[in-house]
Amino acid sequence: MTKWSPRRRWAVVVVVTVVAVAAGVVTIAWVRRTASPWPAMAGTPYEIPLGSDGCPVIDERRQFVDAHGPLVPPGATEVLLCTTPTALPIQRPGVAHPPRQRVLRAGAADFAALLNRLPTRNDAWRQWQRRHSGWWPDAAPEPMGEACPLIGYSREHSFVLRYPDRPPVPLIYTCGGRAGGLTSGTRTRMDYTKPHLVDEFLSRFQQQ
């Protein structure tokens with residue numbers, strides 16, 4: 001059995017220590033990079049009013065709000081999709097305006113369950129990292145769901161879930177349009193992956 005000299009043993013100890021420290025530093029940095037960048041609780045809950053036609057009144061952009069729990073209660077019997085023209089009407093010739101309201105009754109409870117599977121902004125960010133980052137996770141951007149892109153939409157889309165034993169629950173997109181942050185005024189979930197909920201609703205609506 002070959003004996004190592006004191007100098008060789010010392011060199012091995014130094015190398016092992018350096019490798020262990022470097023691995024520890026990388027691990028800590030990776031954990032911090034993939035940790036939840038935003039608090040789970042945020043903002044002050046607010047009420048989304050309903051107009052005389054039963055659709056949400058979309059009159060202003062509010063602060064991001066979120067709380068623990070499901071986005072909507074289970075057991076919805078109807079889901080209403082509202083399409084509201086904005087101040088930027090863009091209509092192609094020969095294309096009819098979509099109906100103001102469409103109601104999904106068959107599978108309304110399943111659609112409510114689909115809403116409750118939407119990710120929080122922290123979970124949505126982790127999903128983006130897994131799909132698009134390389135071997136080293138990208139840093140978190142500006143708070144997801146709070147900064148809206150400078151895009152003008154010709155229509156606003158919103159939902160209203162109706163129940164037999166509780167008041168209706170309105171949902172609006174925080175930045176307008178038909179995708180992005182979807183909020184109840186108490187919780188906000190991310191509708192970023194395709195098919196977006198409006199497209200999923202229309203598909204189910206045509207099949208009922």
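The values are calculated or read from the model by the stated rules, or taken from the named source; none is laboratory data. These numbers come from a predicted model, not from an experiment. Positions of Cβ are backbone-derived with ideal geometry, glycine not excepted, and every protein chain shown enters the neighbour counts. In case anyone asks, the SASA skips ligands and DNA or RNA and just uses the protein heavy atoms, side chains included. Shrake-Rupley method; radii C 1.70, N 1.55, O 1.52, S 1.80 Å.
Heavy atoms only, 1.4 Å probe, whole protein assembly: order S154, S5 by accessible area, highest first.
Largest to smallest exposure gives the sequence S5, S154.
Amide H of V57: which non-local residues (sequence gap of 5 or more, or other chain) have their own amide H closer than 5 Å, using H built in the peptide plane?
Here L50, G51 satisfy the definition.
Determine the relative contact order of segment 78-207: mean sequence separation of Cα pairs under 8 Å and six or more apart, normalised by residue count, in whole percent.
29
Can you sort C55, C175 by 1.4 Å-probe accessible area, starting with the largest?
I get C175, C55, largest accessible area first.
Protein chains only, probe 1.4 Å: how do I48, I151, I58 rank by accessible area, largest first?
Largest accessible area first, the residues go I151, I58, I48.
Calculate, in nm to one decimal, what D110 and E142 gain on full extension: separation in residues at 0.36 nm each, minus their alpha carbon distance.
Fully extending the segment from D110 to E142 adds 8.2 nm.
Could you work out what % of the accessible surface of the chain is carbon and sulfur, using a 1.4 angstrom probe and leaving DNA, RNA and ligands out of the count?
The computed percentage sits at 59.
How much of E47 can a 1.4 Å solvent probe reach, expressed as accessible area in Å² and rounded to 10?
150
Once phi is turned into θ = phi - 60°, what whole-Hz ³J(HN,Hα) does the Karplus curve with 6.51, -1.76 and 1.60 give for every residue of segment 77-87, x standing for Gly and Pro?
Going residue by residue, I get 9, 8, 10, 9, 9, 10, 10, 10, x, 9, 7 Hz, with x marking Gly and Pro.
Per residue, how much accessible area does segment 105-208 show when a 1.4 Å probe rolls over the protein heavy atoms, in square angstrom?
52
To the nearest whole percent, what portion of all C-alpha pairs in the chain is separated by more than 22 angstrom?
Here the long-distance tail beyond 22 Å is 59 percent of all Cα pairs in the chain.
What is the spin-label model distance, in nm, from Y46 to I151 if the labels are put 7 Å beyond Cα along the C-beta direction?
2.2
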